[in-house]
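*Asks:* Let me begin by handing over the structure; questions about it come next.
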Amino acid sequence: MRESSGTYHIEYIFQECVNCKICVEECAFLQEYGSPQNLAADWLEKREITNSKYVFDCSLCGLCHGVCPKNLDPSAMFLSMRRELVAEDAGTFKQHKTIRTYEKRGSSSLFSWFHFPVNCDTVLFPGCAFPGSRPETLTRLFYHLQKMIPNIGIVLDCCTKPSHDLGDNVHFTEMFNELNQILCTHSIRKVLTVCPNCYRIFKEYGQGIEVQIVYENLSLTGVMKSSKTNKEVTVHDPCGVRFAKNVQQSVRNLLQEQGLAIREMKHNRTRTFCCGEGGAAGFLRPDFAKFWTKKRVEEAGSSEIVCYCAGCTHFLGESSVTHHILDLCFFQEAVLAGKQKVSRAPFTYWNRYRLKRALKKNLQACVSGTRTQLRN
């Protein structure tokens, strides 16, 4: 039997799964490779490593968990399998170079920046994708939050979720713990995230820090209200907050405040579909990524989609009209008229650099610096 901290996930699925096949009916990955129990049994028999590449084809979206009548989480098992392969030097693929490079840049001295005003104990953590694609919206959001939290800071950095999902637990733990330590060292007690994936990472691995997604904060404190538009939209719930009921409801509250009507898709909240980006599966199996995107767009039908993850918004936006909730909150008229500017790579990198320069110029800080500077 393989020895690792994740083996118990595999054994648990093997012992507890009853092969009802409900998750298989929902998932293209499981339809191709087999039920969670059968895959767990095969793994525990120590199959050849060369035949184990398939675990990187899973989107790790957790739909299997969301539909399981026994509340089992096969996606955690597939993550454990990835970690075992990486630990055995059998989990590195050239196709993942792009996402690894993207992650590395997020924490580099070029793009990372920590801004802590005097008496700062709360920071906005926008993640990697949102600042690059929507720098104007992020700026508007930050100054809006400043009105309610005068000493709020901001951290431009990466939570290292790509390494987490690729099973590179050593690198992920080192990088995230370093980030967590910088925040704690400077008396930060609360992190407001924009990205649902960052929210999940801080929620699961953060130590000594409270995490809240910014939509909950805006829903409680209020944001600009608009008159009725008679516009109907549908909501895509990102996989990272599949079980976060408060987060899901806060987004719907914000949409209602904006005067928008909501038509729910069949697969929503706990049963939401992946947008196609999850688990970096698309780098090895783009057909699986396209499958999820197609399923999501089909359920949306003629309704425009509203999402609260920049990555999901980008993926779904390739196939259907998709808006980010924060664009609607701060630039509703432009968004509904189809005039809201959203940047894509490689311009997103230039936007992140310019945003960092602008914030450094305009904000007064007690402590500021890149990750490299503050960790020393």
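*Asks:* In region 1-20, what count of residues is obtained for those that are more than 13 Å from Met77 (Cα to Cα) and modelled with pLDDT of 55 or more?
*Replies:* 3
*Asks:* Checking Ser80 against (1) part of a loop (DSSP other than H, G, I, E, B); (2) within 17 Å of Pro162 (Cα to Cα): exactly one of these is not met. Which one?
*Replies:* Result: Ser80 passes all but (1).
*Asks:* Please go through (1) surrounded by fewer than 22 Cβ atoms within 10 Å (Cβ to Cβ); (2) closer than 17 Å to His144 by Cα for Gln207 and return the number of the only condition it doesn't satisfy.
*Replies:* (2)
*Asks:* If you don't mind, another one. Glu25 passes all but one of (1) surrounded by fewer than 22 Cβ atoms within 10 Å (Cβ to Cβ); (2) modelled with pLDDT under 95; (3) in a helix (DSSP H, G or I); which number fails?
*Replies:* Of everything listed in (1) surrounded by fewer than 22 Cβ atoms within 10 Å (Cβ to Cβ); (2) modelled with pLDDT under 95; (3) in a helix (DSSP H, G or I), Glu25 misses just condition (2).
*Asks:* Given the options Gly279, Gly301, name the one that is more than 21 Å from Gln340 (Cβ to Cβ), surrounded by 23 or more Cβ atoms within 10 Å (Cβ to Cβ) and small (Gly, Ala, Ser). Before you say what the answer is, go through the steps one by one.
*Replies:* Details: Gly301 fails: surrounded by 23 or more Cβ atoms within 10 Å (Cβ to Cβ).
Just one listed residue meets the conditions, Gly279.
*Asks:* Right, another one. Just one of (1) in contact with a helix residue (DSSP H, G or I) (Cβ under 8 Å, 6 or more places away or on another chain); (2) over 28 Å from Ile99 (Cβ atoms) trips up Val241, so point out which.
*Replies:* Of everything listed in (1) in contact with a helix residue (DSSP H, G or I) (Cβ under 8 Å, 6 or more places away or on another chain); (2) over 28 Å from Ile99 (Cβ atoms), Val241 misses just condition (2).
*Asks:* Every residue in region 138-153 that is under 15 Å from Asn119 (Cβ atoms) and in contact with a strand residue (DSSP E or B) (Cβ under 9 Å, 6 or more places away or on another chain), please.
*Replies:* Ile149, Asn151, Ile152, Gly153
*Asks:* To continue, here is another question. Tell me which of these Cys275 doesn't satisfy, since it passes every other one: (1) free of Cβ contacts under 8 Å to residues at least 40 places away in the same chain; (2) outside any helix (DSSP H, G or I).
*Replies:* Every listed condition holds for Cys275 apart from (1).
*Asks:* I would also like to ask the following. So how many residues does region 351-376 have that are under 17 Å from Asn151 (Cα atoms) and assigned to a loop (DSSP other than H, G, I, E, B)?
*Replies:* 4
The values are calculated or read from the model by the stated rules, or taken from the named source; none is laboratory data. Just so you know, these numbers come straight off a predicted model, no measurement behind them. Counting neighbours? That spans all protein chains shown, and the Cβs are built from the backbone with ideal geometry, glycine included.
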